[in-house]
Amino acid sequence: MAFTASHWGAYELDGSGGIRPLPDDPAPSRIGRGWVSAARDASSRIMAPVARKGWLAGDAGGKRGDDGYVELDWSEAFKLVAREIERVRKEHGNDAIFGGSYGWASAGRFHHAQSQLRRLLNLAGGHVGSRETYSHAAAEVLFPHVIGLTNRAFQDQMTSLDLVAEHCDYLLSLGGISERTAQIASSGVARHDVGGALRRLIARDAEVLNVSPRGTDLNGGTWLPVRPGADAALLLALTYEVAMAGAANEDFLARYTSGWPEWRSYLEGRSDGIAKSADWAAGLCDIPSDQIREMSRNLVRKRSMIAVNWGLQRADHGEQVLWAALGLACVVGQIGRPGTGFAFGYGSTAHVGRATRVIDWPSVPQGRNPISDFIPVSRIADMLLCPGAAYRYNGEVRRYPDIRLIYWCGGNPFHHHQDLNRLNAAWKRPETIIVQDHSWTATARRADIVLPATSPLERADLMMNRRDPSLFYMSPVLDAPGRARDDFDIFRGIAAAMGLEEAFTGGRDAGGWIRTLWENAREVARAAGFSLPDFARFAEVGRFDVPDAKEVRIAFEAFMENPEGAPLATETGKITLHNETLASLELASCPGHPCWIEPIESLLSAKPNELHLISGQPDTRLHGQNDRGPEALADKINGREAACLNPHAAARRGLAEGDVIRIWNSRGACLAGLRFDPLLRPDCIALPTGAWFDPQIIDGEALDVHGNPNVLTIDQGCSELSQGNIAHTALVRVEKWTRALPPLTVDRPPDIQRKVEV
Ligand SMILES: Nc1nc2c(c(=O)[nH]1)N[C@H]1C(S)=C(S)[C@@H](COP(=O)(O)OP(=O)(O)OC[C@H]3O[C@@H](n4cnc5c(=O)[nH]c(N)nc54)[C@H](O)[C@@H]3O)O[C@H]1N2
Ligand SMILES: Nc1nc2c(c(=O)[nH]1)N[C@H]1C(S)=C(S)[C@@H](COP(=O)(O)OP(=O)(O)OC[C@H]3O[C@@H](n4cnc5c(=O)[nH]c(N)nc54)[C@H](O)[C@@H]3O)O[C@H]1N2
Ligand SMILES: [Mo]
């Protein structure tokens, strides 16, 4: 059997150019339905290497996004890129090259776009990189301080959802546990089983609370429509009420935590005169105080799990909600038992809380980056706009580098970044921008040199995900379109033009690398106690399932069993509820214990008619990927991304389902199609991410005519600690669009001149 794989699932080849979901995947993702057609869509695929006309003529970047291209031969493209990298190195040094290149690229182990890019740039003297992710930067920076674990290590030991399904009686879920987001797992997924665990839990008559502005964030249970951005207030009040009722688990707190007295003193209002009671929180989080008190009793009385999704910390002061939820779980004192305690990210991807062995499969060696400079990943526009400026990050004062050349491969900043109009201005500043992608994304349309990569459907590879027990040999499904080449081949050509070919390839072609990775994987398997077939056999059968892969886990288990012998790597060896290191930084945006800080924008300070924007992950695609495929297109209204609004909120504004609406604030405006959703707070609007950014000037105003929420979001770090993005913190207004509907431009390639001339 032949297979292929993606971040949203693994597939069998049907033998006639198509794919079908695995027969043993209980809930295949809808994203896969749009995949092959999106890859075949000639109007959105990059067919040949091109260079921007204005850039060739020496313009300074001002016309990026608004210029034509000329086609190049591959050999010319290689020379041009090599020459640019060498010029910038010589004139400005390697710390003027940005190779952070954040993004999800595709799932294969060998053709991993960022690994290939970094392998080349590292050989060429290095590059400025980036730290953390857009997914959960606040957690990545906070967790090492307060639990002594990286987010990755914590995820690896996350209490198994199976145990929650079996043992938990009271699931307090903040932001829900959604099968929409559980369609995805970075590096590939063979089974979608989050929904099954939830159904088993609900069938046991466990009480399940979906604390979220959207009722659809959890399938089943009771919906508590919290005011977005105010969950931290709810969590502080729950903690306060548990403590005031004399129900805090003092043994647990003494044995496993430090700093409870200081935090308690804040909760009681000794530092600021405000007791963080249910009565105080009700007005903030919009959940009645009686209900908060009842919840506080249930958390203690029942076997309870407090689960926070990733989205909650993608917000202003995102650290607080996480730390407060962890603190509450400590005060309740059920961490370390099966199915109870604290969890982060159930449902945010398919693998969080999955009860399978974690095995570290080999990957492409990236080499060593001689340049140590980096930025927190979402500070990209700040970096480009303010070279040399000082900023704070995780206890340091740092300065932004002066970037002259950007190389982006496998990511789409004009999808993922906030305040895209600001990024658009910042993006004009570097001397040269090189983008390598398979599709004409908004980022590719804003590059000076664009190199066409193959998509994973057009090459062989391996799916080996450390959190998934099924391994696949990925067979090509389609021929590469136009003159597209795989990333490895492109970098090999550039490396050759720089005299680095042998060092880059290590003497192997792509097939040789894939075979080598497999041989290394066989070693890993041997050490793990089982054997993998030889390469020829694996390529033939296409799939291997790790034997006895089931492994249920309880977070913090070793520490709980032996807090002195297996202390956490925090300042006290315990979970810190007050943290001296953080307190000593004296950051108003992230003090030394979990606290309430009103977000920069929220419904608490909104003007009449303003709505809170929820720009979560799209159901029909992965971010911007497959947006030109049929599954995503069929979901649009009049070709515009669909925004959901409560029918009452729509009626008050004279809006009907199917209308095209304009959503705007001081940062920007976009069009969207209107869909009704009664399970959404009436003061919120939900516009998923991922519609390809299509900014146009309409009657003198900048308008994204397609429906990308990132023209509306705020480009600011969530604190001076983590500097994570705050995508979920934004207010907007909405009105009916009554003027002529501007046609999209992202449905066709930019203007390309087929003349070969450099
Ligand atoms: N408003 C708002 N914004 C958000 C979020 C939010 O919640 N709200 N979420 C954020 C989060 S969590 C994330 S992770 C980011 C995601 O942001 P990104 O990861 O940047 O989004 P993708 O669309 O997945 O971009 C991957 C790109 O890689 C390309 N690609 C795929 N395969 C290959 C390959 O083999 N080679 C090459 N060269 N290219 C390839 C794809 O065509 C695509 O353009 O968005 C963030 N942005
Ligand atoms: N289908 C699909 N699945 C995906 C992805 C995709 O692109 N498509 N992307 C993947 C990636 S990269 C990531 S990082 C994960 C992200 O996974 P999540 O972060 O869990 O997903 P989001 O959709 O950003 O947010 C989930 C829900 O949080 C709720 N929410 C927003 N703000 C608040 C708040 O203030 N309080 C409360 N209580 N709830 C709030 C919203 O109602 C939203 O529906 O998803 C992954 N899964
Ligand atoms: Mo993400």
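The values are calculated or read from the model by the stated rules, or taken from the named source; none is laboratory data. Predicted model, so just to flag it, every value in this text is computed and none were measured. Cβ atoms come from the backbone with ideal geometry, glycine included; neighbour counts cover every protein chain shown. Heads up: the accessible areas ignore ligands, DNA and RNA and are worked out on the full protein's heavy atoms, side chains in. Shrake-Rupley method; radii C 1.70, N 1.55, O 1.52, S 1.80 Å.
Before moving on, here are some points about what is shown:
- Yes/no for residue 353 being under 19 Å from the mean Cα position of the chain (by Cα), open to solvent by less than 20 Å² (accessible area, probe 1.4 Å), within 16 Å of ligand 3 (Cβ to nearest atom) and in contact (Cβ under 8 Å) with a residue 24 or more places away in the chain: no
- Lone unmet requirement of (1) open to solvent by 40 Å² or more (accessible area, probe 1.4 Å); (2) within 22 Å of the chain's Cα centre (by Cα); (3) more than 20 Å from residue 384 (Cβ to Cβ) for residue 719: (1)
- Looking only at region 98-149, and only at residues there that are of a type in the set (Val, Ile, Thr) and open to solvent by less than 10 Å² (accessible area, probe 1.4 Å), the one that is nearest to ligand 2 (Cβ to nearest atom): 141
- Residue in region 178-197 that is within 23 Å of residue 317 (Cβ to Cβ), in contact with a Leu (Cβ under 6 Å, 6 or more places away or on another chain) and near ligand 2 (Cβ under 9 Å from one of its atoms) present: no
Matching residues to (1) away from ligand 1 (no atom under 16 Å from the Cβ); (2) farther than 25 Å from residue 558 by Cβ:
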| site | (1), (2) |
| --- | --- |
| 270 | yes, yes |
| 305 | yes, no |
| 311 | no, yes |
| 341 | yes, no |
| 350 | no, yes |
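- Filter result for residue 675 (at pLDDT 95 or above, under 26 Å from the mean Cα position of the chain (by Cα) and closer than 18 Å to residue 603 by Cα): no
- Of the residues making up region 120-172, those that are assigned to a helix (DSSP H, G or I) and within 16 Å of ligand 3 (Cβ to nearest atom) are 137, 138, 139, 140, 141, 151, 152, 155.
- Considering (1) farther than 29 Å from residue 519 by Cα; (2) touching a Phe, Trp or Tyr at 6+ places or on another chain (Cβ under 7 Å); (3) within 16 Å of ligand 2 (Cβ to nearest atom); (4) of a type outside the set (Lys, Arg), the lone condition that residue 49 does not fulfil carries the number (3).
- Residue identified as outside any loop (DSSP other than H, G, I, E, B) and over 28 Å from residue 501 (Cα atoms) among 54, 65, 61: 54
- Leading residue by the ranking (nearest to ligand 3 (Cβ to nearest atom)) among those in region 92-111 that are part of a loop (DSSP other than H, G, I, E, B) and of a type in the set (Phe, Trp, Tyr): 104
- Strands (runs of 3 or more DSSP E) fully within region 442-535 counting 3 or more residues that are aliphatic (A, V, I, L, M) and within 16 Å of ligand 1 (Cβ to nearest atom): 449-452
- Within region 617-658, restricting attention to residues that are among the aliphatic types (A, V, I, L, M) and in contact with a Gly (Cβ under 9 Å, 6 or more places away or on another chain), the residue that is nearest to ligand 2 (Cβ to nearest atom) is 622.
- Residue match in region 71-90 (condition: touching a strand residue (DSSP E or B) at 6+ places or on another chain (Cβ under 8 Å), over 16 Å from residue 435 (Cα atoms) and within 16 Å of ligand 1 (Cβ to nearest atom)): no
- Residues (over 17 Å from residue 465 (Cα atoms), open to solvent by 50 Å² or more (accessible area, probe 1.4 Å) and not small (Gly, Ala, Ser)) located in region 527-548: 534, 537, 540
- Total residues in region 660-690, condition open to solvent by less than 40 Å² (accessible area, probe 1.4 Å) and farther than 22 Å from residue 650 by Cα: 1
- Of residues in region 20-38 being out of contact with any Gly (no Cβ under 7 Å at 6 or more places or on another chain) and open to solvent by 10 Å² or more (accessible area, probe 1.4 Å), the one nearest to ligand 3 (Cβ to nearest atom): 30
- Enumeration of residues in region 587-645 that are crowded, with 20+ Cβ neighbours inside 10 Å, within 16 Å of residue 672 (Cα to Cα) and more than 16 Å from ligand 1 (Cβ to nearest atom): 640, 645
- Cβ-Cβ contacts under 8 Å between residues 6 or more apart (or on different chains), taken from a first residue in region 290-319 that is at positive phi to a second residue that is away from ligand 1 (no atom under 16 Å from the Cβ) and in a loop (DSSP other than H, G, I, E, B), are listed as 317/589; 317/590; 317/597; 317/719.
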